[in-house]
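Data block below; observations after.
The values are calculated or read from the model by the stated rules, or taken from the named source; none is laboratory data. Given the structure is predicted, the values throughout are model-derived calculations rather than measurements. Every residue, glycine as well, gets a Cβ built from its backbone with ideal geometry; the counts of neighbours run over all protein chains shown. Just so you know, the surface numbers come from the protein's heavy atoms only, side chains and all, with ligands and any DNA or RNA stripped out. Shrake-Rupley method; radii C 1.70, N 1.55, O 1.52, S 1.80 Å.
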Amino acid sequence: HNLSGFSSDSIWLAQLLANRNGAIFHSSAAILNEIGLMFIGRSEAGKTTTFRLLQQARDKHGYPVTVLCDETNIVRRQTNGWHVCGTWGHGEESEVSATTAPLKGIFVLKQAAFNAITPISDRSIVLKSLLLTLFRPFMTSSWWDKALEVINLMVQEVPVYDMSFDKSGNIVQVLDEFTKQP
């Protein structure tokens, strides 16, 4: 499942990714309609719940979903844009995939009585949300400098949304429509 134990693998991988325009985030992620989506939030915000809702939409309703990981995912800037990729470091759900896809949006989770996604225009909120969910390896000043460069590029180039959702599963239809927009 890993090379040397999850913690140590992530420690060296996070260091390498910073040098390659990437980072690891405490998040859940999936590919819907060949579009990458990453879900972030504090503990108990609903990352695993969102992951399960996407699994159920795939299994029960035939949505074209590949779930990546419910705990840690990699985001990396490549020549053709930002991509998200799953890792082996799962949480409650053991289904993982190392598949990668273009990242169309990052969603800050908020459990609610309704289902909606709303763009976040305040970049300071986006920066704070990303920093709170960034996996931190053995932190050196050079790693922080590189990681902050990556995060600042993400803030400028990747759309971030508030995602309010209930447990009905109706958020999947909202996300499905989102991925189909140009």
Within segment 60-77, does at least one residue satisfy the condition of being modelled with pLDDT of 95 or more and on the phi > 0 side of the Ramachandran plot?
yes
Matching residues in segment 149-160 - criterion: being crowded, with 19+ Cβ neighbours inside 10 Å and outside any helix (DSSP H, G or I):
Val158, Val160
Applying the selection to segment 29-45, what residues are crowded, with 17+ Cβ neighbours inside 10 Å and within 11 Å of Thr133 (Cα to Cα)?
Phe39, Ile40, Gly41
Residue check, Val75 in contact with an Asp or Glu (Cβ under 8 Å, 6 or more places away or on another chain) and open to solvent by less than 20 Å² (accessible area, probe 1.4 Å):
no
Just a yes or no: is a residue in segment 53-64 buried (at least 17 other Cβ atoms within 10 Å of the Cβ), closer than 26 Å to Ala14 by Cα and in contact with a strand residue (DSSP E or B) (Cβ under 7 Å, 6 or more places away or on another chain)?
no
Can you tell me how many residues in segment 10-58 are without any contact (Cβ under 8 Å) to a residue 24 or more places away in the chain and more than 28 Å from Thr140 (Cβ to Cβ)?
2
Kindly indicate which of Lys146, Lys128, Lys167 is in a helix (DSSP H, G or I) and surrounded by fewer than 17 Cβ atoms within 10 Å (Cβ to Cβ).
Lys128
